[in-house]
Amino acid sequence: MAAPAEGGGRVSRPPDRARRAAARRRHGSAPRRAALALALSALLLVGCDDALLGVTWVRGDQHVVVDGARQAGALLVTGGEVLLAPGSRTDGPVLLLGGELTIDGLVMGDVLAPGGALRLGPWAVVRGDLGAGAGFERHPDALVEGEVTLGLGLPAGAAAPRGGGWWRVLLQALATAAMAAAWARWAPRRLGAMADAAGRHFPVAASLGVLVFLVGSIAAVIMAFTIVLIPATLLVLALGVLAVGTGWAALGFALARALARAPAFAGGPLAASAGRPVWLAAFGGFDVALVLGVVERVPWVGGGVALLVSLAALGAVALTGLGGRPFVHAGDARLAGEA
Amino acid sequence: MAATSDANPDAPGAAPRGVTAAGIAVFVAFMAAGYAYNVTFVQLGVTDLGRRLVGLEETRVAGAMALLAVVTAAVAVAVGLWMGRAGVGRDLVRKLRIATAVVAGQTLLTVVAPSVASEGAFLAWVLCTAVALGVGVPVTFSLAVDLVPVRHRGLAAAGVTAIAYAFAPLGSGDWTIEPLARTFAVGMLLGTATLAALAWRDTPLVRAWARQHERPAFGVGRYRRGGADARGRLLSVLALLFVVFFVDSLGFLRLVDTPFYVAETWRSAEWGPRATIAAAHVVAAFVGGTLYAALGERALLAWVLGAFVLVHLGYQLDARLGLGDGSVLGIPILYAVAVSLYTVVTFAVWADLSTPDTIGLHAALGVAASAWTATFLSTALALRWAAAGVPFERHVALVNAVALPAFLVLLVIILWPRPRKGAAA
């Protein structure tokens, strides 16, 4: 049985709803576009000025918050020596990237110290979580009310190829299959649009994927440095991972659809599933994730190939606006218009 | 179907593929050399010539740069108008002969540049350079309608960009006038000889190229098909590229003058960082070439301007935090990518907005009025700010003050609801 079309397969609509739908088709969704523009503007503006951020950056020399003083906003330390003296209060989160930080007062937010030297004195009270790397000392009387995570920072060899992670590959494949099946079940047109973009316009999708990845990752790093945008950074990263997973699912669907139509597979179980997009999508998604998991372990070229395919997957999602509109190559569109 | 076959360079009656491929190769080589000359020798070399060799103050050099921009733009537009009226856009041999004369003149200017010693000689040199550039720009850009089919213009532009930018960071990093003059003079002598051979020897290859503009696959630009509004599109692309060039140049000129930011990147003593930047330029050029053909120009320009905004925000953040040279944030790589993207657009879009009769004027307006004027005005402004002692962080903030509102305006224009025509993203 074929999956139902999006929108529940309703044949008739009330006239006003039909008018609105037609207007949306003509003009796009204005509120959504306006909201997107506002959100982007807000993100950009928040990253612009100290006054908006409320962040104190210490780059060098000495910075002391004395007894009874209050350090408003976030504190970022990239160099020098900072002392939060007994009786002082720091409102926002504290990020230590370099230099020395001694906390002997009250910190209301989280403390994150992947770099530099962090020391908690006997009068230190941290109301939030604390994460620290190698240069961490803690007095027995220091109090951390949240969770303490030690060993932050990139462990040695983290960039080396991961070995023995076949369970991870299998889980990844199963998750991609489930995601592909869900898209095929509840949004088949969107999945089809993304699959078309990834399968038929691979170079374009890969090119846009390169841009999205580069701009997105650098923007995420920049946002993370502003501290207040760390949640937005995490959101961007999560959306990026989801987008790549969705792209893999779309690529898998394109692959399975092509195989089901191929003469070599005529009469086989794959061809028999041609009318069952949910199964096709699950099969294709599983295969693509599994193959990529294997390919990325091939020395020298494997990582590059897996990266290229993942970028194309990401690009296909971006090209179609998560499958919301079919991608039409500008050259094809112009020629079609002429014809 | 008719449209499809019209636009196909391999359609019946077309020249053999080898002829088309050779034409594309000549265009790519010529434009890459010309662009490398203009960006490296003229833009960076003139500053060195005026400040170090002649000993002028920064404000005087800034004035000379502005003079160069204005004269270049005026001459280019005049030559573009003349080309349209005299039918030069349809005459490949005349274009090749004019180009030969221009390159020969530029070779002479290059050879004498290190000998310029007084302010008067410097101004005369700048004026001659401006006239040569003004004549050269519309003539050389108009070669696209003879040599590069519309469907391959994105990739041809990618080739030009990749070659021009790949060699700049891989070179010695010494951007003073003497070594630049030596390097360019040798290459330009070879280029003059090649162009002269093409322009004055009657060969079947040149005859075949000379007829190609008559076919819509070459002669009618991508944005001129189907009764498109060419003037409105030309104006919007002109305005957007003016902003992009202005922002790029305003920021980069200060970066180049800030040793802290170039010592470990563009001018690194190590080969690795320079090779990485060169590779980023090449990859981005081909990404840009692919996307140029596939996306609408507004989406592409939004990516370019967005990337520049991010670059300058990154440098501002870097300067405030004292993180290093921007590498922590990956900014030099993004800068290389953004520059390659807009360069690809620049090399393809003017021909695609034109026919053989309008290519001269459109290229002149585009390259001279938009790119050159924006670049040199921003260069002059950057020099004035440097002379006034504006610190780096403040300089980048001022660049952001131009770039960010421009990007937001572009975003609003792109996201503004409009009737859909089923076109691409």
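Coordinate-derived values only; no laboratory data. What you see is a predicted model, and the numbers here were worked out from it, not measured in a lab. Neighbour counts run over all protein chains shown; Cβ positions are idealised from the backbone, glycine included.
Key figures
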quantity: For A:E81, net neighbour charge (Lys/Arg +1, Asp/Glu -1) across residues whose Cβ lies under 9 Å away; calculated: -2
quantity: Alpha carbon Rg of the stretch A:166-338, scaled by the compact-globule rule 2.2 N^0.38 Å; calculated: 1.08
quantity: Zone residues, the stretch B:81-108, relative to B:A22, backbone N less than 18 Å from point 7 Å out along Cα-to-Cβ; calculated: B:92-94, B:96-97
quantity: For peptides B:187-197, A:230-240, sequence by mean Cβ density within 10 Å, most packed first; calculated: B:187-197, A:230-240
quantity: Gyration tensor (Cα) of the stretch B:15-415, equivalent ellipsoid semi-axes in angstrom; calculated: 32, 25, 19
quantity: Cα centroid separation, the stretch B:363-414 to the stretch A:216-252 (Å); calculated: 30 Å
quantity: Dmax and Rg, reported as Rg then Dmax, of the stretch A:252-339 (C-alpha, Å); calculated: 16.3, 49
quantity: Top positive-direction residue, dipole computed over the stretch B:137-223 with Cβ charges, set B:F141, B:Y165, B:A193; calculated: B:F141
quantity: Calculated on alpha-carbon atoms, Rg and Dmax of the stretch B:127-250 in Å; calculated: 17.9, 51
quantity: Size of charge dipole - chain B - debye, nearest 20, with Cβ of Lys, Arg +1 and Asp, Glu -1, no other charges; calculated: 1180 debye
quantity: Residue order, fewest to most beta carbons within 10 Å, for B:W266, A:W183; calculated: B:W266, A:W183
quantity: Rg(Cα) / (2.2 N^0.38 Å) computed for the stretch B:43-143, rounded to two decimals; calculated: 1.17
quantity: Length-normalised contact order for the stretch A:242-339 - Cα pairs under 8 Å, 6+ apart - percent; calculated: 33 percent
quantity: Global form of the stretch A:54-150, assessed from the alpha-carbon gyration tensor, a/c cut-off 1.5; calculated: rounded
quantity: Selection from B:G232, B:T258, B:F242, by position along the positive dipole direction of the stretch B:228-283 (Cβ); calculated: B:G232
quantity: Signed unit charges on C-beta, dipole axis of the stretch A:193-325, positive-most listed residue A:A318, A:V210, A:G268; calculated: A:G268
quantity: Least to most buried among B:Y261, B:Y35 (fewest other Cβ within 10 Å first); calculated: B:Y35, B:Y261
quantity: Cut-off 14 Å between beta-carbons: net charge of the residues surrounding A:A224, Lys and Arg +1, Asp and Glu -1; calculated: -2
quantity: Chain B: DSSP helices with Cα axial extent of at least 20 Å and average Kyte-Doolittle hydropathy no lower than 0.0; calculated: B:17-36, B:58-86, B:92-112, B:119-141, B:153-170, B:177-200, B:230-256, B:271-294, B:297-321, B:331-352, B:373-387, B:392-415
quantity: Nearest-20 debye value, the stretch A:54-150 charge dipole, Cβ charges on Lys, Arg, Asp, Glu; calculated: 140 debye
quantity: The stretch B:24-52 versus the stretch A:63-91: alpha-carbon centroid distance in Å; calculated: 52 Å
quantity: Rg(Cα)/(2.2 N^0.38 Å) for the stretch B:60-206, N = residue count; calculated: 1.14
quantity: Per-residue [θ]222 nm for chain B (sum of -39500 (n - 2.57) over DSSP H runs n ≥ 4, rounded to 500); calculated: -24000 deg cm²/dmol
quantity: Residue with peak Gaussian network fluctuation, chain B [Cα springs, cutoff 10 Å], from B:V282, B:V412, B:V396; calculated: B:V412
quantity: Residue-span extension gain [B:W82 to B:T176] - 0.36 nm each, minus C-alpha spacing; calculated: 30.2 nm
quantity: Segment B:E119-B:V412, length gained on full extension (0.36 nm per residue, minus Cα span); calculated: 100.8 nm
quantity: Centre separation in Å (Cα based) which lies between the stretch B:193-210 and the stretch A:172-202; calculated: 53 Å
quantity: Average beta carbon contacts from partner chains per residue of A:143-149, 10 Å cutoff; calculated: 0
quantity: Fewest-first sequence of A:D196, B:D202, A:D287 by Cβ atoms within 10 Å of each Cβ; calculated: B:D202, A:D287, A:D196
quantity: Rough spin-label spacing in nm, given labels placed 7 Å along Cα→Cβ, for A:V301 and B:L190; calculated: 3.2 nm
quantity: Shape of the stretch B:239-296, Cα gyration tensor, a/c cut at 1.5; calculated: oblate
quantity: FRET efficiency, A:W167 to B:L108 (Cβ-Cβ, R0 56 Å, nearest 0.05); calculated: 0.20
